[in-house]
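**Student:** Attaching a single structure in structure tokens format; questions to follow.
The values are calculated or read from the model by the stated rules, or taken from the named source; none is laboratory data. All values derive from a computational prediction rather than experimental measurement. No Cβ is skipped: glycine too gets one built from the backbone with ideal geometry, and neighbour counts run over all protein chains shown.
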Amino acid sequence: MKFEDLLNRTASWLKGSGPNSDIVISSRIRLARNLEKFPFPHWAKKPDSEQVLALAAAAFEKTPELKDGIFLRLDDFDNVDKQFLVERHLMSNEHAIRSNQKALFINPDENVAIMVNEEDHLRIQVMESGFDLDMTWRIMDSIDNRLSEVLTYAFKREWGYLTACPTNTGTGMRGSIMLHLPALVMTRQINRVLEAIAKLSFTTRGLYGEGTQASGNFFQISNQVSLGSKEEEILGNIKGVIKQIIEQEEKARESLMAEHREMLEDRIWRSYGTLKNAHIISSNETVELLSMLRLGSDLNIVANVERSLINELFILTQPSHLQKLENKKLSANERDVKRAQIIRERIGG
Amino acid sequence: MLCNICNKNQATVHLTEIVDDKMSELHLCDDCARKKSMQMEQQFGLSDLLAGLVDYGKQLSTVDKEAAAVAHCSACGLTYEDFRKIGRLGCGECYTAFAKYLGPLLKRIHGANVHVGKSPKGFSEAVAPKTPKAKATAMATDVNELKASLQRAIEREDFEEAATLRDAIKEAEKKKKGK
């Protein structure tokens, strides 16, 4: 696999399958790991960072779970290429801003991505379609075990995995679920739900991850605490909370269908109509309309548009993807035209 | 309404900014808002919040405060003062160098400060070697390590933590006898 191939591929977590995939877009787990005897990336000098990169690359190569992946040194990547990787949820914005002595490993399915020399030496991410933290953890656990046979992690029995920021110490684990909750938003129950979540020490973020506001109908919910509980317990807590949110969203969808069916169908068909026919469309409007179309597809109101295609469009319609597809720099206005064209081509018909 | 920064696109994001007690309103397009939020994140990141937490509620005696001011990690050279400023530790060894201050901080962040999750493959093998005799020695070190943590917890008067460690030691000693 080469970097150039990514544009024509679709990550496996976007396929729109797996448990509860009408409401849950993806399940994601990340682990923070550091190598013993090396300063953390922000405090390390160039030769140390280079050595960490070399050790990581060699370890990935020896790991069967990471077969056929690509190891990208980001130092010479231009901004469009780096943002392209951020848009695909493969790395953080932070990793794109300062890229000296930084790398990103991606496996062919794009369900595994490892940032090297971000805040910690390794940030391992596993992402799966639908609500399936158990499978996501199984994959993560085996990769982590293999790597720990080759690399010596910074670890203390008392405090667990040692990380640059003490908010990640212990398991170094963050589990996140990306949810699509249009009915809770429409019925104005969402704030009540989010408030309850905050009280349970979970955080809510937006569609585009770390540092973004929850926008439109998409919410990413993750655990805050990483020390003092077993990995399975932390994930169990997340599962418990998410199950309840799913139930609430299902109930809200049912009541919308029972009491406001015409209004709902009207909004969904109008969204579909705009997406099929627009020639200029902003990214905000796109997210809003695709969200309605996805709801239409989930409720079997719009039957002929695949969920996986809608998921894919969320990624393809972002600025760097549009510019990679057109193979040149585009102004904001040019992007709005290109975006509309891409959408018409894919769901026109 | 056009975006206040680029003056080209429609403003879709509306911000109220307070700088030095002066309130100003900003109307931004999608692109400029993204850039702006990235800037703001860099200016006021998690490290600031954390640096606040490091100071917050720290009831160290004057002697301890002086000790903290000069404490540094011999492996990477980071001082405790550096950590307070940037909110990031310098290396794994910092956790040992600043153990006295980090214990209570971890407790404030996570509500607990004893790791009970998984350990690296190499690590568990190192403390659980194959021969029975070596196994017994390894376990003894393990208990000793726990006892050292217990001592530290008592010194800093963290009794909740001490109780957890006491139970862990009991558990470890029971296991040792059992095997």
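Per-residue answers, yes or no, for (1) closer than 30 Å to A:SER176 by Cβ; (2) in contact (Cβ under 8 Å) with a residue 60 or more places away in the chain; (3) of a type in the set (Ser, Thr, Tyr); (4) touching a helix residue (DSSP H, G or I) at 6+ places or on another chain (Cβ under 9 Å):
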residue	(1), (2), (3), (4)
A:ASN237	yes, no, no, no
A:TRP269	no, no, no, yes
A:LEU289	yes, no, no, yes
A:ARG307	yes, yes, no, yes
A:SER320	yes, yes, yes, yes
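**Student:** Of all residues in the range B:76-109, how many are more than 8 Å from chain A (Cβ to nearest Cβ), of a type in the set (Gly, Ala, Ser) and either crowded, with 18+ Cβ neighbours inside 10 Å or touching a residue at least 24 places away in the same chain (Cβ under 8 Å) (or both)?
**Tutor:** Qualifying residue count, the range B:76-109: 3.
**Student:** For residues that are part of a loop (DSSP other than H, G, I, E, B) and under 17 Å from A:GLU233 (Cα atoms), scanning just the range A:126-141, find the one that is farthest from the other protein chains (Cβ to nearest Cβ).
**Tutor:** It comes out as A:PHE131.
**Student:** Next question, about the same structure. I want to confirm something. Restricting to the range A:142-186 and keeping residues that are part of a helix (DSSP H, G or I) and out of contact with any helix residue (DSSP H, G or I) (no Cβ under 8 Å at 6 or more places or on another chain), which single residue is nearest to the other protein chains (Cβ to nearest Cβ)?
**Tutor:** In this case the residue turns out to be A:ASP144.
**Student:** Of the residues that make up the range A:317-331, is at least one modelled with pLDDT of 95 or more, surrounded by 20 or more Cβ atoms within 10 Å (Cβ to Cβ), of a type in the set (Ser, Thr, Tyr) and over 24 Å from B:CYS3 (Cα atoms)?
**Tutor:** no
**Student:** Then there's this: Cβ-Cβ under 6 Å, sequence separation 6+ or interchain: first residue in the range A:87-102 and surrounded by fewer than 21 Cβ atoms within 10 Å (Cβ to Cβ), partner at pLDDT below 90. Which pairs?
**Tutor:** A:SER92/A:GLU210
**Student:** Mind listing whichever residues of the range A:220-241 are of a type in the set (A, V, I, L, M, F, W, C), in contact with a Ser or Thr (Cβ under 9 Å, 6 or more places away or on another chain) and assigned to a helix (DSSP H, G or I)?
**Tutor:** Correct list: A:ILE234, A:LEU235, A:ILE238.
**Student:** While we're looking at this one, here's another question. Kindly indicate whether any position in the range B:56-71 is in contact with a strand residue (DSSP E or B) (Cβ under 9 Å, 6 or more places away or on another chain), at pLDDT 65 or above, part of a strand (DSSP E or B) and surrounded by 15 or more Cβ atoms within 10 Å (Cβ to Cβ).
**Tutor:** no
**Student:** Moving on to the next point. Residues in the range B:110-123: is at least one modelled with pLDDT under 80, away from chain A (no Cβ under 11 Å) and closer than 27 Å to A:SER148 by Cα?
**Tutor:** The answer is no, given that none of the residues of the range B:110-123 is modelled with pLDDT under 80, away from chain A (no Cβ under 11 Å) and closer than 27 Å to A:SER148 by Cα.
**Student:** Now for a separate question. Limited to the range A:1-60, what total is found for residues that are under 26 Å from A:VAL225 (Cβ atoms), away from every other protein chain (no Cβ under 14 Å) and buried (at least 20 other Cβ atoms within 10 Å of the Cβ)?
**Tutor:** Of the residues in that region, 8 qualify.
**Student:** Give the residues of the range A:106-130 that are in contact with a Gly (Cβ under 8 Å, 6 or more places away or on another chain), crowded, with 23+ Cβ neighbours inside 10 Å and not aliphatic (A, V, I, L, M), sorted by residue number.
**Tutor:** A:ASP120, A:GLU128, A:SER129
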